[in-house]
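**Q** Structure in structure tokens, see below.
The values are calculated or read from the model by the stated rules, or taken from the named source; none is laboratory data. Note that the structure is predicted; figures quoted are calculated from it, not measured. Backbone-built Cβ (ideal geometry, glycine too); neighbour counts: all protein chains shown. Areas reflect the complete protein model, heavy atoms only, side chains present, ligands, DNA and RNA absent. Shrake-Rupley method; radii C 1.70, N 1.55, O 1.52, S 1.80 Å.
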Amino acid sequence: MAQASLRLGKSVANQAFRRNLSTTRAVAGTHLNYTVQDGVAVLRFDSPGSKVNSLGEETSAELQEAFQTFMKDPAAKSAVLLSGKPGCFIAGADINMLAKCQTAEEATALSKGCQDLLFEVEKCKKPVVAAIQGSCLGGGLEVAMACHYRIAVDGMKTSMGLPEVMLGVLPGGGGTQRLPALTGIPNTLDMALTGKTLTAKKAKQVGLVDAVVDPLGPGLAPADVTTHQYLEKIAIDTAKQLADGSMKLPNRGPKNFAKKVEKAAFGVGPVKDYVFKMAKDKVMAQTNGLYPAPMKILEAVRAGLDHGIDGGYKAEREKFGELVATSESKGLISLFHGQTECKKNKFGKPANPSKTLGVLGAGLMGAGIAQVSVDKGYTTVLKDMSSAGLSRGVSQVSDYLDKKVLRKKVSKLDAEIYMANLIPALDYTDFGKVDMVIEAVFEDINIKHRVIREVEKHMREDAIFASNTSALPITKIAEASCRPEKVVGMHYFSPVDKMQLLEIITTDKTDMETKKAAVDVGLKQGKVVIVVGDGPGFYTTRILAPTLSETIRLMQEGVDPTKLDKLSKGAGFPVGIATLIDEVGIDVAAH
């Protein structure tokens with residue numbers, strides 16, 4: 001870690017804050033910047049050259065040094081921890097640290113080091129305020145929970161959660177112990193066992209944050225920047241009030257009768273046994289016992305209830321060490337790295353990124369493609385042959401956005417803006433404006449040939465034609481095109497809004513700009529994109545085909561489909577293989 005140096009001088013902070021500043025001390029590190037503003041230490045976490053802040057060896061050492069500087073600094077009466085990145089507080093721990101752990105003992109020591117660092121923060125007699133905007137996940141949330149007061153921005157992609165279970169491990173920095181203390185056992189199990197994230201308002205409701213800040217609109221700077229500046233000002237004012245006693249820390253005890261009863265109930269052995277047995281049964285039903293992390297999370301949370309703080313933290317770090325050494329964790333971390341790579345455009349940015357899309361066919365797939373396009377800012381022309389089919393497709397997109405509003409994923413105004421991006425069409429009038437056409441018509445080569453000949457008469461010469469086919473050769477489809485270099489396959493999976501994968505298929509004639517543009521669209525739609533050559537079955541169908549083929553033979557020989565489902569789910573398939581064949585269509589699977 002770069003050696004921190006101390007310097008004194010006048011503040012160069014934003015003009016809006018200057019009236020609040022009387023002294024500024026600065027300790028500058030590579031990732032952490034420490035300043036004191038009128039008695040409040042501001043610890044600004046901003047890793048250079050990265051879109052997110054994460055807790056690695058170097059950043060954790062700097063964070064610890066900054067906190068130790070604050071604790072010893074007589075000029076600092078309180079502190080604010082915030083990010084220098086409006087879109088990210090702390091995204092979590094650096095996964096590469098886990099890969100370096102060769103044994104369970106090394107991973108246990110890593111957890112112990114994180115626990116000790118956050119104990120220093122928690123036990124500090126001077127108040128520390130966490131100012132949260134953007135992603136606050138895993139180790140980032142554990143850092144925030146160790147602070148004495150938490151302020152979070154409503155919206156602005158602010159989310160809080162403990163997703164470690166999805167990597168086959170558990171929160172190793174005190175998360176299994178501090179989260180129950182703040183939110184209660186039911187909320188803790190719901191978050192830690194599923195990896196679900198909470199919005200700022202929901203986090204306030206369950207006791208995870210103490211105050212919620214409404215976002216500001218754009219001014220001289222974008223909305224996220226102005227909101228971040230506003231958050232910093234509020235956090236500094238809050239820290240000053242906590243330090244001078246004009247504001248007290250909130251009571252962390254149960255707030256109402258129901259919560260008081262809940263807390264008392266978890267002090268009774270039979271009640272604990274019943275709740276944890278129910279949770280264990282649910283985990284086993286969902287995982288078939290194939291993933292050890294959820295069970296270890298239950299054990300760590302239970303240890304804190306049964307044996308107090310010391311026993312809980314001891315169980316957490318030991319079980320963290322055990323999980324890091326498992327093959328399941330290594331496999332899930334490898335999968336995470338693979339998905340991360342698939343979220344990058346290896347071909348580079350297109351010279352002219354697509355802004356307007358055309359979708360042919362308003363069935364389940366076509367409307368689904370429109371769904372994931374309009375809410376990413378794409379103007380989308382959705383065409384169908386009949387008014388009834390088009391109306392059904394438009395209703396599917398509208399219902400999708402309405403559900404997002406009900407779940408508070410988007411505001412009503414944003415949903416209306418997204419819906420305005422959808423242009424229903426029964427003809428090709430608007431297709432001269434589109435940058436890319438994605439066809440989702442019936443899986444028949446003759447129909448696809450007819451469609452490509454029709455639409456190319458109305459498309460610009462530089463526009464791209466993409467076929468959503470699961471198996472028809474893209475080279476064959478491109479034979480009907482007068483511009484085969486602009487033809488590419490984009491194989492979406494149903495339901496489009498829920499399935500992450502997008503398979504892009506290129507031919508030996510597909511030009512580089514088309515490849516760049518297709519991947520760019522897929523990434524903006526929020527997909528995990530893989531790019532494959534135009535071989536039989538592409539990638540996904542080719543690897544699935546032998547399994548489907550053998551399963552059909554087994555059923556023809558009289559094997560019970562329910563037995564096949566049980567065996568395949570027991571081996572880790574999320575859906576039984578016989579059920580999958582039925583959903584795909586036995587005729588399609590056989591073909």
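**Q** Could you tell me the distance between the Cα centroids of the stretch 526-561 and the stretch 274-336, to the nearest Å?
**A** 33 Å
**Q** Using a Förster radius of 41 Å, what is the FRET efficiency between A471 and A420 based on their Cβ-Cβ separation? Nearest 0.05, please.
**A** Details: r = 36 Å, r/R0 = 0.87.
Plugging the Cβ-Cβ distance into 1/(1 + (r/R0)^6) gives 0.70.
**Q** Return the loop-located trypsin sites (Lys or Arg not before Pro) in the stretch 428-509 (DSSP other than H, G, I, E, B) with at most 15 other Cβ atoms within 10 Å of their own Cβ; answer none if there are none. Write out the running numbers ahead of the final one.
**A** Details: sites: K433, K448, R450, R453, K457, R460, K476, K486, K498, K509; in loops: K433, K457, R460, K498, K509.
Loop-located and lightly packed - K457, R460, K498.
**Q** Using alpha carbons only, how many degrees (0 to 90, rounded to 10) separate the axis of helix 561-570 from the longest principal axis of the chain?
**A** Its long axis makes an angle of about 40 degrees.
**Q** Here's another thing I want to ask about it. Can you check what the net charge comes to around L472, using other residues whose Cβ is under 12 Å from the Cβ of L472 (Lys, Arg +1; Asp, Glu -1)?
**A** Net charge around L472: -3.
**Q** With the Cα gyration tensor of the stretch 450-591 in hand, convert its eigenvalues to equivalent ellipsoid semi-axes via √(5λ) and list them largest first in whole Å.
**A** Numbers: eigenvalues 235, 53, 28 Å².
Ellipsoid semi-axes (Å, largest first): 34, 16, 12.
**Q** Calculate I(q)/I(0) for the stretch 486-536 by the Debye formula, one identical point scatterer on each C-alpha and no solvent, and give its log10 at q = 0.21 Å⁻¹ to two decimals.
**A** -0.69
**Q** Moving on. Determine Rg/Rh for the stretch 335-420; Rg is computed over alpha-carbon atoms and Rh is the Kirkwood hydrodynamic estimate from the same atoms. Working shown, then result.
**A** Numbers: Rg = 15.2 Å, Rh = 14.5 Å.
When Rh is taken as the Kirkwood radius, the ratio is 1.05.
**Q** Keeping every protein chain in place, order L193, L170, L364 by accessible area at 1.4 Å, biggest value first, i.e. largest first.
**A** Ranked from most to least accessible, the order is L364, L193, L170.
**Q** Classify the stretch 186-293 as rounded, prolate or oblate from the Cα gyration tensor: take a ≥ b ≥ c as the square roots of its eigenvalues, call it rounded if a/c is under 1.5, otherwise prolate when a/b beats b/c and oblate if not. Walk me through the numbers on the way to the answer.
**A** Working: a/c = 3.80, a/b = 1.68, b/c = 2.26.
Verdict is oblate for the stretch 186-293.
**Q** Something else now. Using all alpha carbons of the stretch 337-496, what is the percent of pairwise distances in each 10 Å bin, ordered from the shortest bin to the longest?
**A** 10, 38, 36, 14, 1
**Q** Could I ask something else about it? I'd like the FRET efficiency for M555 and K498, computed as 1/(1 + (r/R0)^6) with the beta carbon distance as r and R0 of 30 Å, rounded to 0.05. Provide the component values of the computation, followed by the final result.
**A** On the way: r = 28 Å, r/R0 = 0.92.
Rounded to the nearest 0.05, the efficiency is 0.60.
**Q** For I586 and E461 in the same chain, what is the full-extension length gain: residue separation times 0.36 nm, less their Cα-Cα distance, in nm?
**A** On the way: separation 125, 0.36 × 125 = 45.00 nm, distance 4.03 nm.
Length gained, I586 through E461: 41.0 nm.
**Q** A further question on this structure: Subtracting the Cα-Cα distance from 0.36 nm times the residue separation, let me have the gained length for I445 to S387 in nm, one decimal. Kindly include the intermediate steps, with their values, before the conclusion.
**A** Details: separation 58, 0.36 × 58 = 20.88 nm, distance 2.46 nm.
Roughly 18.4 nm would be gained on extension.
**Q** Round to the nearest 0.05 the FRET efficiency obtained for K100 and T194 when R0 = 22 Å and r is the Cβ-Cβ distance.
**A** Values: r = 28 Å, r/R0 = 1.26.
That gives a FRET efficiency of 0.20.
**Q** While we're on this one: Give the cross-link partners of K272 among the aspartates and glutamates, using a straight C-alpha distance below 18 Å as the criterion and excluding same-chain residues fewer than 8 apart.
**A** D190, E262, D281, E299, D306
**Q** If you don't mind, there's one more thing I want to ask. Using 0.36 nm per residue, how much length does the chain from Q241 to K569 gain when fully extended, once their Cα-Cα distance is taken away?
**A** Numbers: separation 328, 0.36 × 328 = 118.08 nm, distance 5.61 nm.
Gain in length upon complete extension: 112.5 nm.
**Q** Given N residues in the stretch 514-591, what is its alpha carbon radius of gyration divided by 2.2 N^0.38 Å? Could the numbers behind the result be given before it?
**A** Numbers: Rg = 16.0 Å, N = 78, 2.2 N^0.38 = 11.5 Å.
In units of the globular-protein estimate, the stretch 514-591 measures up at 1.39.
**Q** List the aspartates and glutamates whose Cα sits under 12 Å from the Cα of K433, skipping any in the same chain fewer than 8 residues away.
**A** E461, D462
**Q** How much of M512 can a 1.4 Å solvent probe reach, expressed as accessible area in Å² and rounded to 10?
**A** 90 Å²
**Q** In addition: Over the Cα atoms of the stretch 21-158, each weighted equally, I'd like the Debye log10 I(q)/I(0) at q = 0.21 Å⁻¹, rounded to two decimals.
**A** For the stretch 21-158, the Cα-only Debye profile gives -1.32.
**Q** Tell me the label only: which of (1) 47, 32, 22; (2) 57, 29, 23; (3) 38, 29, 23 is semi-axes √(5λ) of the Cα gyration tensor in Å as calculated from this structure?
**A** (1)
**Q** Quick check on the chain: of the DSSP beta bridges with both residues there, what percent are antiparallel, nearest 5%? Could you put the intermediate results ahead of the total?
**A** Values: 20 of 68 bridges.
Rounded to the nearest five, the antiparallel share is 30 percent.
**Q** Taking only Cα atoms, what is the 0 to 90° angle, nearest 10, from helix 445-456's long axis to the longest principal axis of the chain?
**A** 80 degrees
**Q** Just reorder S54, S334, S78 by solvent-accessible area, largest first, 1.4 Å probe, all chains present. Provide the component values of the computation, followed by the final result.
**A** Working: S54 40, S334 75, S78 0 Å².
Correct descending sequence by accessible area is S334, S54, S78.
**Q** Now for a separate question. For the chain, find the longest principal axis of its Cα atoms and tell me its angle to the long axis of helix 57-72, 0 to 90°, nearest 10.
**A** In the chain, helix 57-72 runs at an angle near 30 degrees to the longest axis.
**Q** Can you give me the distance in nm between label points at K123 and R252, each placed 7 Å from the Cα along the Cα-to-Cβ direction?
**A** Here the modelled spin labels are 1.4 nm apart.
**Q** If you scale each eigenvalue of the Cα gyration tensor by 5 and take the root, what three semi-axes come out for the stretch 133-230, rounded to whole angstrom and sorted largest first?
**A** Equivalent ellipsoid of the stretch 133-230: 26, 13, 11 Å, largest first.
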